[in-house]
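Presented below is the structure to which this report refers.
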Number of protein chains: 4
Amino acid sequence: MTEPHKLRMGMVGGGPGAFIGPVHRIAAELDGKIELVAGAFSQSPERSREAGMRFRLDPARAYADYRQMIEAESKRADGVDFVAIVAPNHMHLPVALAALESGIAVMSDKPAAASYEEALELQAAVAKSGLLYGLTHTYAGYAMVREARALCATGKLGTIRKVAVEYMQGWLSGPLESTGHKQAVWRTDPALSGAGGAIGDIGTHAFHLIEYISGLKVTAMNATLRTVVPGRRLDDDCNAFLRMNNGAEGSLACSQIAAGEMNELRVRVYGEKGSLEWRHQDPNRLIVRWLDGPEQIHHASMSYLSAEARAVARTPAGHPEGYLEAFAVLYREFADALLTWKQGRANSPPATLPGIEAGVRGMRFIERAIESHRIAGWVEF
Amino acid sequence: MTEPHKLRMGMVGGGPGAFIGPVHRIAAELDGKIELVAGAFSQSPERSREAGMRFRLDPARAYADYRQMIEAESKRADGVDFVAIVAPNHMHLPVALAALESGIAVMSDKPAAASYEEALELQAAVAKSGLLYGLTHTYAGYAMVREARALCATGKLGTIRKVAVEYMQGWLSGPLESTGHKQAVWRTDPALSGAGGAIGDIGTHAFHLIEYISGLKVTAMNATLRTVVPGRRLDDDCNAFLRMNNGAEGSLACSQIAAGEMNELRVRVYGEKGSLEWRHQDPNRLIVRWLDGPEQIHHASMSYLSAEARAVARTPAGHPEGYLEAFAVLYREFADALLTWKQGRANSPPATLPGIEAGVRGMRFIERAIESHRIAGWVEF
Amino acid sequence: MTEPHKLRMGMVGGGPGAFIGPVHRIAAELDGKIELVAGAFSQSPERSREAGMRFRLDPARAYADYRQMIEAESKRADGVDFVAIVAPNHMHLPVALAALESGIAVMSDKPAAASYEEALELQAAVAKSGLLYGLTHTYAGYAMVREARALCATGKLGTIRKVAVEYMQGWLSGPLESTGHKQAVWRTDPALSGAGGAIGDIGTHAFHLIEYISGLKVTAMNATLRTVVPGRRLDDDCNAFLRMNNGAEGSLACSQIAAGEMNELRVRVYGEKGSLEWRHQDPNRLIVRWLDGPEQIHHASMSYLSAEARAVARTPAGHPEGYLEAFAVLYREFADALLTWKQGRANSPPATLPGIEAGVRGMRFIERAIESHRIAGWVEF
Amino acid sequence: MTEPHKLRMGMVGGGPGAFIGPVHRIAAELDGKIELVAGAFSQSPERSREAGMRFRLDPARAYADYRQMIEAESKRADGVDFVAIVAPNHMHLPVALAALESGIAVMSDKPAAASYEEALELQAAVAKSGLLYGLTHTYAGYAMVREARALCATGKLGTIRKVAVEYMQGWLSGPLESTGHKQAVWRTDPALSGAGGAIGDIGTHAFHLIEYISGLKVTAMNATLRTVVPGRRLDDDCNAFLRMNNGAEGSLACSQIAAGEMNELRVRVYGEKGSLEWRHQDPNRLIVRWLDGPEQIHHASMSYLSAEARAVARTPAGHPEGYLEAFAVLYREFADALLTWKQGRANSPPATLPGIEAGVRGMRFIERAIESHRIAGWVEF
């Protein structure tokens, strides 16, 4: 009887000062199925080594370059099973392509790539490789988002007629990028982020979430983008009308200059008979409202929830789970799919795990938003 | 020493089955300054008399026709001091004109008239008469709306850059008007309501409130209207982008098919340094958020509030006031202004009391929303 | 056909500076069935006249003494139908006795009297007179308190096993009475308030409410009282264990030194199958929790509510009602009962209107609380 | 340069079906400083091996007996650095003693032992060993509990005069233990749990938390315990009055038959100038109320928080952290202290990490509660 080894993860990006690197590490390892063993954390050799030390890695596996990491790890018997990409957006495509070409699966922070064209290129490469590709649209990992999705799928709300999603932040209310703030610098730099500012950074999360929960697709949009902070090079505030593939309509708003808001991601879906509401800042509750009955609060981990929601709970009811756990749900689904595939079965990730299609769609969203704003009118998807 | 009499009110509309008639009666009388003494509650003489009985009026003063009431009351020494108009929208203009022509002041349920053109006509009549005209944009009467308005005026939030207002109801999710439901019938009938459905019935409240609180004016709008329930003759769902006179932008949404929502009127105003949020369904609290300090909840009746908010409190902190009290604040301000004028001073209602300008603006809003929807693009105000 | 006159109310207490006088006036008149026509608002003739002016009364009916008022009004054809007692507690018994002896019904602010013995005396006088006696335990007038009471009565929660009620205020955190603050002075003076401080002023409300909602009676109590503010002459903070007549147990807490609390009255009732929670500061919602189903929020004015809750709604769902409306529900029930009696039928007030039994019970509660504290142990009721 | 190894953890208890085992594993490993490498997960060899497999351990290190584990691991060069005890309460003392005797540090689930006498014995053993001992009073690991503690310490609330803590659950509303439910069976069995039921299982958490946050000590208590569910062998509902060492008083309530409650742990501390409130089910917010200013909400991860609160945040503001992260804070502090000690420095765990004193105090609390209930009166601590 041999010890079942954990899946080995290599990380690209996430060096000192990064917020998202440690988050990916914690989330990946949380359920005990994945272990961070290697990384190209920074383009600076010292900084990459420093990050490796912090993550208690073998120093030999803290690389200064992702190509070097992929090459070296490919040759090791205990090389990485997959690469987690947490570098700025412009790196997403090249790293993913390099990994896929070396036969290594990919888990990528969103967006999938820096432009819609790049995303299509990546989609083709994923298809050609036959390898697993996951995209960490974190919010898809919350139990109550799964409950919302399951509830929409049952049809209990009736035909969906209206949606509203918003993602409000205030942290870019001032010209933070001019102070050298690392997060602000790359998120407001078109060369590193791509063509979308707020619309790309958080709008894509909102866009993904409304499609993920409602089960509908956006077919047309009318968006207005603004750059409120003088001198900023990308949009920081957006409002859009949406039209869905079943005729429903709705709105999407995102902002990074909504002073006083921390991270207000809020989704509402209205059907003929009732509606639901979920807020990221109150993530363990799903509000369900009916035309003719009391409002309901569905609480995480309760036995009355859908199988989909119960499947991702780790703690008993009333013991809150949060952002890291949601992230970890996606890594767990990724790990399970990867293990199944490594055991020789077909590569068939669960529908609940965002993949390259979600990635392409997210880039399409940014591209369409910018075009809609340009013509000041509706665009088709 | 003579007994200071109460102001005498005559009501037009508000007969049996009406929701808003009793609300106006309670609100008007709440502060002990006004007394309902006459009414043309219904076009049916029996029904008008029945309403008069219910309101414990002298039966001789329950009229079947507003013209008759105005004529008769004008001749009485103890005739009405003002008329409260609570009939369906198409009646607002003729009743108001008749009253003004007889030298009687007017307090009108919103909208001021059934169309923008009518509103302009009424505005001219008000100006010519020199009489007091008030418009019950109820939400303007809440203490915490006054607090929000005062806070914006101080500039503490910094330059306002973004606004968001929504008014969601679900009660028209089905074809209620086809069941004979009185409220639904007239609100969905263009002949009685005018050209706006949800946009007129509740969108105008949202529109008024965002201008009232922010102190800004909408200068352009891009609206999309829908009629979701088949067979309905007016819009029942709307989303709009707004542009304000200081360059701020934002959104306005209203719906009467948002199944499960009761009466979700919610306003947010974002400045450079902070923001505020008020919800009608939690009316005694104002949330104020800052870029760099704890979130604050301002509670009604507390001593730290603005003078404007403290002026309209009737109960101690923690003793909730609601819809009727907000309504009553407007009637109180109307009564105070009318008494002052009757004592021979100039007719100068307080800025906090919505008047004919607000009425004209509301009708302009509906007209512009419909035009914007027609051209699927931006319109100027 | 004669005009149905409104019931005529005379008020004792409520002069300039009083909070509760205007509240009673508004509440009494709110539903259009009662009219304030006379008052002995203050022992100072000028102040009483001043209050009468403010209430727009006939100056001749603003009396300086309640005995004088009762005598004069008794002789008028249009004399008062009932007296509302809003003076400090030590006046409650003498005024009520005087009214009853003159054949005038009584609506009294709580407590019914200044001591348990006085309350028993009053109970006997009410019984002897055959007249209507109402007690304004305000919270009993909220629609959602009625819903809670109705829900308990249905047995849907299962056998009630546990109760918890608390009433927290912070306004007496400092020695406010030493500044001459009118409300603070009489509430902390044993000669005016009786033997209970916080326990009498707000503890009795909590006590009444838990019995009113649960349908149970307290049979034993173990209370600990404190006077936290140095120099204060009555208790200002209390905790108690309760034992109910069905074997349930629970807790009651009240405080006026809970700094930062405004008026936090909160009730919870736990049965075998579920529980309910109501908070005065969020009065239009009732939270119902179940062992094995989603949490529910019952909203005021919705059609799914109990008949008892629907009976007291004045506004549509989502249009909040508050403290004044709750008060007014009690006056409405009082008026309806009084009118019925005046029409020659038996005096049978509805069970939902607190009466002299509630008054006796409230005084018993204070007396028992003080005794329990004295012996530092349980006392029987 | 050598790879800094992670601290090696051995677990006792936490086999298949256990809730708390995986929680400890995740929490311990979350910050990348600890690795689970061995365990005596169950007294059944197969079940222990099964758990080891699930945790992906070397099968040779999945032991059937904690003594065997401690002996074997003591001899390995890569043996465990500390033992995490997550077995039922009656095992806490023997396992801890065995580990300490072998020179191995201990992290124990609460309670420290099964009785006050045992706790004293353990305290002596810890002192004698000079080894690190931590107790996972989870709630002490929340950032906003740290903020509350820091706020009390600043004195900004003024002298603390009143406390209120409650911990309400409903999951034991029925005789769940008679169905074989593993969690219910051992928690209601005096042989496995000790003399306290709800008072021991969750009352101790409430007790610890109120002392932890307020910085005060309970000096006397008057408790009433009940066993509501027929046939149950331990208390399932409790109310207590508390007296603190500075003269403050307050209440503590805990229940496991509060049907409909999930895990309602709520703390309030009232000072002369203001008060605070924290709820476990809304853990990323701390409510602070003032006598004369707006209510404040302190949000996790914001820059205005105390150093103590900022030190334990892992995610940006608005990205909720929960139960696992709080647990992990305690493990991180434990790991940091253990590493420091292994590097030859004195064993000085931070004051924020509950240790054996907290354990002794918790057992004292249970013992005193039972005695107070027995005599139906106050007891000294």
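Values quoted throughout were computed directly from the atomic coordinates according to the rules given, and no laboratory measurement underlies them. What you are looking at is a predicted structure, and each value in this text was computed from that prediction instead of being measured. Here Cβ is always computed from backbone atoms with ideal geometry, including for glycine, and neighbour counts include all displayed protein chains.
Brief remarks follow.
- Among C:Met9, B:Met302, sorting on how many other beta-carbon atoms sit within 10 Å of each Cβ, with the fewest leading, yields B:Met302, C:Met9.
- Rel. contact order, % - alpha carbon contacts under 8 angstrom, at least six apart, chain A: 20 percent
- Peptide A:23-33 shows a mean partner chain C-beta count of 4 within 10 Å per residue C-beta.
- Between helix A:356-375 and chain A: long-axis angle, C-alpha atoms, 0 to 90°, nearest 10: 50 degrees
- Residues D:Thr224, A:Thr340, A:Thr136, arranged from fewest to most other Cβ atoms within 10 angstrom of their Cβ, appear as A:Thr340, D:Thr224, A:Thr136.
- Helix axis angle, B:45-54 relative to chain B longest principal axis, alpha carbon, degrees: 70 degrees
- Helix-only CD estimate at 222 nm, as mean residue ellipticity for chain B, using -39500 (n - 2.57) per DSSP H run (n ≥ 4): -10500 deg cm²/dmol
- Across the identical copies, the 7 Å label point of C:Pro230, projected outward along Cα→Cβ, sits 5.6, 5.7, 7.9 nm from its counterparts, in ascending order.
- 3J(HN,Hα) from dihedral phi, segment B:246-256, Karplus parametrisation 6.51/-1.76/1.60, rounded to Hz, x for glycine, proline: 9, x, 4, 10, x, 9, 9, 10, 8, 7, 10
- Per-bin percent of Cα-Cα distances, the protein assembly as shown [20 Å]: 9, 34, 36, 17, 4, 0
- When A:Thr138, B:Thr227, C:Thr219, C:Thr179 are arranged by Cβ crowding within 10 Å, least crowded first, meaning fewest neighbours, the order is C:Thr179, C:Thr219, B:Thr227, A:Thr138.
- Whole-Hz ³J(HN,Hα) from phi, Karplus 6.51 cos²θ - 1.76 cosθ + 1.60, for segment D:281-294, glycine and proline x: 7, 9, x, 8, 10, 10, 8, 10, 10, 10, 4, 9, x, x
- Reducing segment D:170-204 and segment A:22-55 to their Cα centroids gives an inter-centroid distance of 42 Å.
- Shielding of B:161-171 by partner chains, average beta-carbon count, 10 Å: 5
- Approximate spin-label separation B:Ser348-A:Asp292, in nm, with each point projected 7 Å along Cα-to-Cβ: 5.6 nm
- Taking label points 7 Å from Cα along the Cα-to-Cβ direction, D:Thr227 and D:Ala191 give a separation of 1.5 nm.
- Mean separation of Cα pairs under 8 Å and 6 or more residues apart, divided by the residue count, gives segment B:228-381 a relative contact order of 9 percent.
- Angle between chain B longest axis and helix B:20-29 axis [Cα atoms, degrees, rounded to 10]: 80 degrees
- Closest Cβ on chain C to the rotation axis that carries it onto D (distance rounded to whole Å): C:Gly377, 3
- Calculated label separations, C:Glu50, copies of the chain, 7 Å along the beta-carbon direction, nm: 4.8, 7.3, 8.3
- Neighbour net charge for B:Ala72 - beta-carbon separation under 12 angstrom, K R +1, D E -1: -1
- Partner aspartates and glutamates whose Cα lies under 13 Å from the Cα of A:Lys342, excluding those fewer than 8 positions away in the same chain, are identified as A:Asp81.
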